[in-house]
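For reference, the structure is listed below as structure tokens.
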Amino acid sequence: MREIISINENWIYSGEGISRKVSLPHIPGETGVFTYSRDLEPVAEGEVMLEISGADSLCNVYIDGAPVFAHKGGAGAFRYDITNYIRSGCTLTLFADNTGYEDIYPVAAGLKPMGGVAGAKLIVTGLTRFSCTDYSSDGLYLTPFIKDGKAFLGIKALIDCPAKGSEIKYTLLDKQGKTIAEETVPTTQSVTVIDCGKPKHGKDGKPYLYTLKAEIIITHGSISDCLSIKTCFDTIEAEGNNLTVNGKPFEIKVYGGEYEPGAEDEFIASLSGSDANTLLLQNYQLTEKLLDYCDENGIFVIASIPVIPSLTVKKQKSYKSQFTEMIKQNYNRPCIPGWCVGGNIVPDLPDEEKRNAFVSEINSLIKSIDSLRYGRFKNSDMPGKLTAANEALPETAGRFINEEDTLGDIVDSADIKELFHSRFGTAFDFIFAAAGPLKRFGIKPVLDTAKTLGLPEEYLKKAEEYLKSLRKQ
């Protein structure tokens with residue numbers, strides 16, 4: 001079985017010229033190298049993974065005074081196998097360094113680097129387990145879809161050390177815990193599609209959440225690992241100006257903001273007091289507690305990583321790595337309908353050829369990991385090349401309008417709205433995340449991005465005319 005052991009307490013923090021006892025998450029709020037150290041009790045059995053849920057922005061991991069691992073990027077979680085170290089107990093030390101490096105993104109005041117560590121835990125499993133090493137993902141990728149009025153759940157499983165004869169037992173449970181579907185397959189079978197019957201949908205804007213229980217069964221029926229993941233069969237479609245959820249009109253009401261790790265309760269209270277149904281986070285704080293709340297309450301989350309002027313060519317590899325982490329670690333979240341390259345992507349790479357290449361690379365990266373959310377479901381690994389219910393969605397990255405007031409700076413006439421919506425539906429925030437840049441950098445970067453993403457020539461001409469008139473105002 002899987003056991004999660006929190007190790008958020010009893011850390012000795014050294015920084016700012018002081019040393020004291022702290023709990024995680026802990027945010028120093030300034031630039032520097034900050035040290036976190038604590039003793040770990042022995043774990044006598046099982047495979048033990050250390051998981052750090054985020055450390056800004058270079059984290060060097062030491063065990064018993066020796067370096068064992070380093071992670072670049074402060075946004076996502078990362079893991080390291082400490083089985084051989086913890087049998088007799090050990091001392092764990094983290095050096096969280098946000099002083100700034102040429103090859104690590106981000107390092108700019110605009111992204112409010114605050115240093116520190118967001119959280120830590122131990123994951124204890126058997127030797128045969130759902131992969132813990134695929135960018136700290138679940139090791140299971142769920143693809144719910146509807147075909148001919150029936151619900152299906154596509155499952156892709158990544159298994160570490162599959163034992164001979166071991167199996168995966170999948171059980172889909174409804175909200176009351178009743179079994180809807182079951183299937184047992186060998187651990188060597190990476191892709192499974194389960195027939196889940198007639199789909200159930202929620203009420204009052206809240207989704208109907210099912211639970212997939214996945215167990216790895218080895219010799220004599222013992223369970224080596226187990227996961228429980230929430231999922232749903234809501235259908236999201238875009239057509240023209242209209243966005244629908246389960247066939248009903250969905251009016252996007254955006255709540256924007258940011259918060260520090262550990263301050264989710266206050267942020268959630270503020271969110272729940274609004275009438276918002278879509279959450280736009282400024283600095284990609286996709287914490288487990290907040291996403292759980294959004295899953296349960298039907299709040300869509302625009303999952304993005306901002307692009308700011310510090311995104312130099314040297315930092316692009318780091319950006320792509322963190323984007324990959326974000327998608328893989330949050331792939332199974334019902335509340336995330338699309339992945340978005342946020343911020344002012346147009347002006348930040350002044351060389352047109354490099355800028356266009358970067359836009360294309362990120363779009364291809366997103367499609368290669370998760371083609372369902374922003375376009376067509378065409379995963380060649382799935383039997384029969386099954387077709388998703390939202391196949392009609394455009395194949396651009398990102399599905400929602402960023403913020404209505406920002407978008408309105410560019411698209412505030414019925415003619416222009418109709419032109420863009422007819423091509424991209426409600427999915428053109430990725431193209432026109434550049435309302436501010438239009439005012440600062442001119443029309444050309446905006447049109448260049450539209451060209452890169454394949455906007456038809458007749459639209460470009462009319463858009464250029466409109467943008468020129470807007471520029472003169």
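The values are calculated or read from the model by the stated rules, or taken from the named source; none is laboratory data. Here the structure is a predicted model, which is why all the values come from computation and not from measurement. Cβ coordinates were reconstructed from backbone atoms using ideal geometry, including for glycine residues, and neighbour counts include every protein chain displayed.
Numbers for the structure displayed
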item: Neighbours by Cβ (under 6 Å, 6+ apart or cross-chain): first from segment 150-170, in the same structural domain as Lys200 (by TED's automatic domain parsing); second among the polar types (S, T, N, Q) and part of a strand (DSSP E or B); result: Gly154/Thr143; Ile155/Thr192; Glu167/Thr184; Lys169/Thr184
item: Failed criterion for Gln282 (all others in (1) at pLDDT 80 or above; (2) surrounded by fewer than 18 Cβ atoms within 10 Å (Cβ to Cβ); (3) more than 16 Å from Pro207 (Cα to Cα) hold); result: (1)
item: So Gly74, is it outside any loop (DSSP other than H, G, I, E, B) and modelled with pLDDT under 90; result: no
item: Glu183 vs. criteria free of Cβ contacts under 8 Å to residues at least 24 places away in the same chain, surrounded by 15 or more Cβ atoms within 10 Å (Cβ to Cβ) and of a type outside the set (A, V, I, L, M); result: yes
item: Residue among Asp103, Asp81 that is at pLDDT below 95, closer than 29 Å to Ile327 by Cα, surrounded by fewer than 18 Cβ atoms within 10 Å (Cβ to Cβ) and not polar (S, T, N, Q); result: Asp103
item: Segment 173-205, residues that are of a type in the set (A, V, I, L, M, F, W, C) and in contact with a Lys or Arg (Cβ under 8 Å, 6 or more places away or on another chain); result: Leu173, Val191, Cys196
item: Members of segment 113-171 found to be part of a loop (DSSP other than H, G, I, E, B) and farther than 30 Å from Cys59 by Cα, listed by number; result: Asp148, Gly149, Pro162, Ala163, Lys164, Gly165, Ser166
item: Breaking point among (1) surrounded by 13 or more Cβ atoms within 10 Å (Cβ to Cβ); (2) at pLDDT 95 or above; (3) over 25 Å from the mean Cα position of the chain (by Cα); (4) not basic (Lys, Arg), for Glu41; result: (1)
item: Meets criteria (under 27 Å from Glu215 (Cβ atoms), buried (at least 21 other Cβ atoms within 10 Å of the Cβ) and either outside the structural domain of Thr187 (by TED's automatic domain parsing) or not aromatic (Phe, Trp, Tyr) (or both)) for Ser136; result: yes
item: Number of positions in segment 46-60 that are more than 16 Å from Lys72 (Cβ to Cβ) and either at pLDDT below 95 or within 23 Å of the chain's Cα centre (by Cα) (or both); result: 3
item: Count - residues of segment 321-341 that are under 18 Å from Ser368 (Cβ atoms), surrounded by fewer than 24 Cβ atoms within 10 Å (Cβ to Cβ) and touching a helix residue (DSSP H, G or I) at 6+ places or on another chain (Cβ under 6 Å); result: 2
item: Flag for Ile366 being modelled with pLDDT of 70 or more and out of contact with any helix residue (DSSP H, G or I) (no Cβ under 6 Å at 6 or more places or on another chain); result: yes
